[in-house]
Amino acid sequence: MKKYALILFLVTSVFAAQANVVDTIALFDNTHFDGWVYNRNTVPLSSSNIMSNKINLYGDYCLTSPLMDSGGADSISISVKTHSNINASSYNPTQGSPTFTLIDANGNELTSVFYKFEDAQEHRTFTVTMDLCDIEATNFKLQLSCRDANLNSALAIREVIVESLSSGIVVGDADGDGMVTSADVTVLYNYLLNNDSSGIANGDQDGDGFITSGDITIVYNTLLGSK
Ligand SMILES: [Ca+2]
Ligand SMILES: [Ca+2]
């Protein structure tokens, strides 16, 4: 009893640890393409060599981002605006579908997703999500390619936005209001001493299946910034 009272006393100065749910980590469009490389002669993109603000992907031609830092995020979302040449009689939506590949700094493939187009559309905007949970590296490059496409089925990339996505669950946020405050200690304290579970959203902080004093310790340490 005295121990928890002491904890509450120590954490009366409230400060918050807000979740960083979405963060833009890379961008390509007609004004932002610093560090992106088109594999056509391995040309770094610049205003002098970008072609009408789009990059055609086909055959061995691909677009590679700068080295990105996921910041420990669970996944990344990649939003893409494209243009396809559907007037060509030989246009093939599947061939013109892009592959998204994450590579490490040495060019080794980490993971890959093929986004299959089911129909022909001149303009598309779509979003792909890539799971990072099985990838140990936090730094990687994104590569966009259409390896099976010929020139007629080339995919023109007009914009790419890469965002990191976090779970939104803040360590120490037992009551689920998005911040770590003394209220998070209080809800766990009420549960342990009074069997009152009201207000608890993420009580099992250490994931052992039970709400114990160990979970209060995690909240307490988060408040003190010492983890
Ligand atoms: Ca909270
Ligand atoms: Ca627990």
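Couple of notes before you dig in:
- For the stretch 111-181 and the stretch 69-108, distance of Cα centres in Å: 9
- Ranked packing of 199-209, 171-181, most packed first, by mean Cβ within 10 Å: 171-181, 199-209
- Considering only V171, Y220, N202, and ranking their Cα positions along the charge dipole of the stretch 108-227 that arises from unit charges at the beta-carbon of Lys, Arg, Asp and Glu, the one farthest toward the positive end is V171.
Computed from the coordinates by the stated procedures, all read-outs in this text should not be read as laboratory data. The model shown is predicted, which means the values in this text are computed figures rather than measured ones. Note: ideal-geometry Cβ built from the backbone for every residue, glycine included; neighbour counts use all protein chains shown.
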